[in-house]
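*Asks:* Dropping a structure here in structure tokens format, bear with me for questions.
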Amino acid sequence: MTSTFDKFFTFLFYRKGLAIFLLLAPLLIWLGVVYLGSLFTLLIQSFFSIDSFSGVIKREFTLESYYDLFRQSTNWDIIIRTTTMAFTVTIVSAIIAFPIAYYMAMYAGPKLKPILYLGVMLPLWSSYLVKVYSWKLIMAKEGILTWILNELGLLHVLDVILSIPVIGGTSLSFSYIGMFLVFVYIWLPYMILPIQASLERIPKSLLEASSDLGGGPSQTFRKVILPLAFPGVVAGSIFTFSLTLGDYIIPTIIGNSSYFIGMAVYTHQGTAGNIPLAAAFSVIPIIIMMVYLMIAKRLGAFDAL
């Protein structure tokens, strides 16, 4: 038995291509069947339609679901609302994450750096739903945030913010502002880590060369550090943008009753039972992310992952 195994592994040792294929085959089969198969099924479903009288799916090729999707202004509002939120969360997450990642990569010592890593990753270890519901309680009208602002005499500032049309609401937990804050909190670690990794890869010799050539700290940052770290920012934006684009739990728990793409898909395939329209709606974020990934690839984001 041992000699048979030895011969088999010796055979694979001299045929590295076959060995790699055998190692990756289960993953590739899983990816092909479960992931790509489900996407293909989703695409096929979007070209079906539903009988308006009986509610039965008509399995005939048609663009009726896409016509229904794009002819209604409410669906356009959902797409624009979701995309705008995803872009806003991505930009603000990058602004907040860069100083944190910069300090971790450039200034934190060997004792402090593991603590900072732990601080960034610790929220990822807790339940997603627990974090969302915790924020709902924090931002509620009777929550701790309102109490703190009231004690500081700043409650009127919150009232002014909540009175702003569109983004305001009865409380932070029922407003776009609150939803935005929760999105940023939940996805921020996914922005910090790629930026920190890209900053770690910047050779110290480049910074020393910039200093030797007369470049000040601000000039070195603008001309050397920022361009080299930018692919990490774009890589982090892939996570924050895509996760916000497809999320339906946070908009359901936090915010008002305005629909996002994930909520629309859930409603159409669940309550309404219109699976073809839900499939057509699901294709929209896929197309948006394909365009986004093409742009990210041109900006070198994949090199920073």
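The values are calculated or read from the model by the stated rules, or taken from the named source; none is laboratory data. Since the model is a prediction, treat every value here as computed from it, not as a measurement. No Cβ is skipped: glycine too gets one built from the backbone with ideal geometry, and neighbour counts run over all protein chains shown. Surface areas here come from the heavy atoms of the whole protein model, side chains and all, with no ligands, DNA or RNA. Shrake-Rupley method; radii C 1.70, N 1.55, O 1.52, S 1.80 Å.
*Asks:* Please go through region 18-62 and give me each residue that is of a type in the set (Gly, Ala, Ser) and at pLDDT 80 or above, ordered by number. It would help to see each step written out before you state the result.
*Replies:* Of the residues in region 18-62, the ones of a type in the set (Gly, Ala, Ser) are 19, 25, 32, 37-38, 46, 49, 52, 54-55.
If the condition is that a residue be of a type in the set (Gly, Ala, Ser) and at pLDDT 80 or above, then 25, 37, 38, 46, 49 are the ones that fit.
*Asks:* To continue, here is another question. Please enumerate the residues belonging to region 265-294 that are at pLDDT 85 or above and open to solvent by 90 Å² or more (accessible area, probe 1.4 Å).
*Replies:* 290, 294
*Asks:* Here's something else I'd like to know. Checking residue 136 against (1) modelled with pLDDT of 90 or more; (2) closer than 26 Å to residue 98 by Cα; (3) buried (at least 19 other Cβ atoms within 10 Å of the Cβ), which test does it fail?
*Replies:* Answer for residue 136: the failing condition is (2).
*Asks:* Something else about it: State all residues of region 139-170 that are open to solvent by 80 Å² or more (accessible area, probe 1.4 Å) and over 30 Å from residue 78 (Cβ atoms); if no residue qualifies, say none.
*Replies:* 142, 144, 147, 150, 151, 152, 156, listed by residue number.
*Asks:* Exactly one condition in (1) touching a strand residue (DSSP E or B) at 6+ places or on another chain (Cβ under 9 Å); (2) in a loop (DSSP other than H, G, I, E, B); (3) not small (Gly, Ala, Ser) is false for residue 45; which is it?
*Replies:* (2)
*Asks:* Shifting gears a bit: Limited to region 234-264, what total is found for residues that are crowded, with 24+ Cβ neighbours inside 10 Å and more than 24 Å from residue 167 (Cβ to Cβ)?
*Replies:* Count: 3.
*Asks:* Find the residue count for region 176-215, including only residues that are open to solvent by 10 Å² or more (accessible area, probe 1.4 Å), touching a Lys or Arg at 6+ places or on another chain (Cβ under 9 Å) and not polar (S, T, N, Q).
*Replies:* Count: 3.
*Asks:* Output the qualifying pairs, or none if there are none: Cβ atoms under 6 angstrom, residues six or more apart or on different chains, first residue in region 285-305 and within 23 Å of residue 43 (Cβ to Cβ), second residue at pLDDT 85 or above and open to solvent by 90 Å² or more (accessible area, probe 1.4 Å).
*Replies:* Matching pairs, first to second residue: none at all.
*Asks:* Please go through (1) of a type in the set (Ser, Thr, Tyr); (2) open to solvent by 20 Å² or more (accessible area, probe 1.4 Å); (3) within 23 Å of residue 123 (Cβ to Cβ) for residue 173 and return the number of the only condition it doesn't satisfy.
*Replies:* (2)
*Asks:* Just name the residue that is farthest from the chain's Cα centre (by Cα) out of those in region 64-87 that are among the charged types (D, E, K, R) and under 28 Å from residue 183 (Cα atoms).
*Replies:* Filtering region 64-87 down to residues among the charged types (D, E, K, R) leaves 64, 68, 71, 77, 81.
Okay, now just the ones that are also under 28 Å from residue 183 (Cα atoms), so 77, 81.
On the way: 77: 20, 81: 16 Å.
Across region 64-87, the extreme among qualifying residues is 77.
*Asks:* Given the structure, is residue 67 touching a helix residue (DSSP H, G or I) at 6+ places or on another chain (Cβ under 8 Å) and on the phi < 0 side of the Ramachandran plot? Outline the logic, then answer.
*Replies:* On the way: touching a helix residue (DSSP H, G or I) at 6+ places or on another chain (Cβ under 8 Å): no; on the phi < 0 side of the Ramachandran plot: yes.
No; evaluated as a whole, the condition is false for this residue.
*Asks:* Which residue pairs have Cβ atoms under 9 Å apart, sit 6 or more places apart or on different chains, and have a first residue in region 146-163 that is closer than 15 Å to residue 178 by Cβ and in contact (Cβ under 8 Å) with a residue 24 or more places away in the chain and a second that is in a helix (DSSP H, G or I) and not aromatic (Phe, Trp, Tyr)?
*Replies:* Final answer for the pair search is 146/155; 146/158; 146/172.
*Asks:* Something else now. Going through 98, 61, 53, 48 one at a time, which residue ends up being more than 26 Å from the chain's Cα centre (by Cα), among the aromatic types (Phe, Trp, Tyr) and open to solvent by less than 40 Å² (accessible area, probe 1.4 Å)?
*Replies:* On the way: 98 fails: more than 26 Å from the chain's Cα centre (by Cα); 61 fails: open to solvent by less than 40 Å² (accessible area, probe 1.4 Å); 53 fails: open to solvent by less than 40 Å² (accessible area, probe 1.4 Å).
Only one candidate passes the filter, namely 48.
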